[in-house]
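K.L.:
This is the structure, below, for whatever I ask next.
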Amino acid sequence: MPYKETPKMMIIRGLMQVIVVYILCRYGDMYGYQIKLKIEEMHKKKIPHGVIYTTLKRMVRNGLLSTYVKDEKTFYRVTPDGRDFLRNHLHILDNIQTIVDEILTFCRTDSQK
């Protein structure tokens, strides 16, 4: 069965870099599969491997993460630029929360009419 991206997954994909930096800042260095499991735990759904690994490669290329090998696994670590990236996205997350709250309030009120 082919993978079909849900609206929720579209939102998660848009926030994937922010989510990855947050997870690594909060829990410390991890290898790709650990990051994938943590995101799935937060998202409550399976996420295709390609989504995670493509994002991780892009983030390394852009200097948000660095890598090192330990026990034959590639671990990811947040760089200072990655921490700045997370801080710079705080206002965006605040705006998203405000918009989501407004939409939810409208939909809940409108559904009672």
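The values are calculated or read from the model by the stated rules, or taken from the named source; none is laboratory data. Because the structure is predicted, anything quoted here is derived from the model rather than measured. Here Cβ is always computed from backbone atoms with ideal geometry, including for glycine, and neighbour counts include all displayed protein chains.
K.L.:
Restricting attention to region 10-52, report how many residues are outside any helix (DSSP H, G or I), at pLDDT 95 or above and touching a Lys or Arg at 6+ places or on another chain (Cβ under 8 Å).
P.N.:
Looking only at that region, the number is 3.
K.L.:
Still on this structure, I have one more. Taking the residues in region 53-77 that are hydroxyl-bearing (Ser, Thr, Tyr) and outside any helix (DSSP H, G or I) as candidates, determine which candidate is surrounded by the fewest Cβ atoms within 10 Å (Cβ to Cβ).
P.N.:
Restricting to residues being hydroxyl-bearing (Ser, Thr, Tyr) and outside any helix (DSSP H, G or I), the top hit is Tyr68.
K.L.:
For region 69-83, check the following and say yes or no: at least one residue is at pLDDT 85 or above, within 12 Å of the chain's Cα centre (by Cα) and not small (Gly, Ala, Ser).
P.N.:
The answer is no; no qualifying residue exists.
K.L.:
Exactly one condition in (1) loosely packed, with under 14 Cβ neighbours inside 10 Å; (2) more than 15 Å from Met16 (Cα to Cα); (3) of a type in the set (Gly, Ala, Ser) is not met by Gly50; state its number.
P.N.:
Status for Gly50: all satisfied but (2).
K.L.:
In a helix (DSSP H, G or I) and surrounded by 13 or more Cβ atoms within 10 Å (Cβ to Cβ): is that true of Leu93 in this structure?
P.N.:
Answer is yes for this residue.
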